[in-house]
Amino acid sequence: MISNKRTILTATLAAIGASACCIGPLLLLSLGISGTWISSLTAMEPYSPIFAGITIILLCWAFYRLYITPEQCDDGKLCADKKVLRNQRIIFWIICCILISMITFQYYAEYIID
């Protein structure tokens, strides 16, 4: 069974792939790196919907694992502690907000740049 950590890590990598065409050039420009070659960094743009879909599917899977079917543990194990589950859920929502903002960056980037 895939662990929650792996699911969220994979979703993060997929979101980075989905937003690489938009965030990459902006990040380089903000670091002071410029040139005409930056406009050619949009090679990943056709794959953006695929990566975004993978991200959404993995986030839904992590939500399912955290809320619908939480892991059943024996008493005394770390996963039986309610604080651990609460912390996992908090981290999940923080990661969700970050990933959704990365995926949708191309839609609101023009308002930030202008």
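The values are calculated or read from the model by the stated rules, or taken from the named source; none is laboratory data. Worth saying up front: this structure is predicted, and the values here are computed from it rather than measured. Don't worry about glycine lacking a Cβ; one is built from the backbone with ideal geometry, like all the others, and counts go over all protein chains shown.
Run residue 99 past the list (1) in a helix (DSSP H, G or I); (2) more than 14 Å from residue 8 (Cβ to Cβ) and report the number of the one that doesn't hold.
(2)
Going through 19, 39 one at a time, which residue ends up being modelled with pLDDT under 70, in contact with a Phe, Trp or Tyr (Cβ under 6 Å, 6 or more places away or on another chain), of a type outside the set (Phe, Trp, Tyr) and part of a helix (DSSP H, G or I)?
Working: 39 fails: in contact with a Phe, Trp or Tyr (Cβ under 6 Å, 6 or more places away or on another chain).
None of the others qualify; the one that does is 19.
Pairs under 8 Å by beta carbon, first residue hydrophobic (A, V, I, L, M, F, W, C) and surrounded by fewer than 12 Cβ atoms within 10 Å (Cβ to Cβ) in the stretch 69-90, partner in a helix (DSSP H, G or I) and at pLDDT 75 or above, six or more apart or different chains?
Once the first residue is hydrophobic (A, V, I, L, M, F, W, C) and surrounded by fewer than 12 Cβ atoms within 10 Å (Cβ to Cβ) and sits in the stretch 69-90, its partners that are in a helix (DSSP H, G or I) and at pLDDT 75 or above give 78/84.
Does residue 60 satisfy the criteria of being at pLDDT 80 or above and not β-branched (Val, Ile, Thr)? I'd like the intermediate steps shown before the answer.
Details: at pLDDT 80 or above: yes; not β-branched (Val, Ile, Thr): yes.
For residue 60, the condition - at pLDDT 80 or above and not β-branched (Val, Ile, Thr) - is met.
Working only within the stretch 59-96, note down all residues that are among the polar types (S, T, N, Q), out of contact with any helix residue (DSSP H, G or I) (no Cβ under 7 Å at 6 or more places or on another chain) and assigned to a helix (DSSP H, G or I).
87
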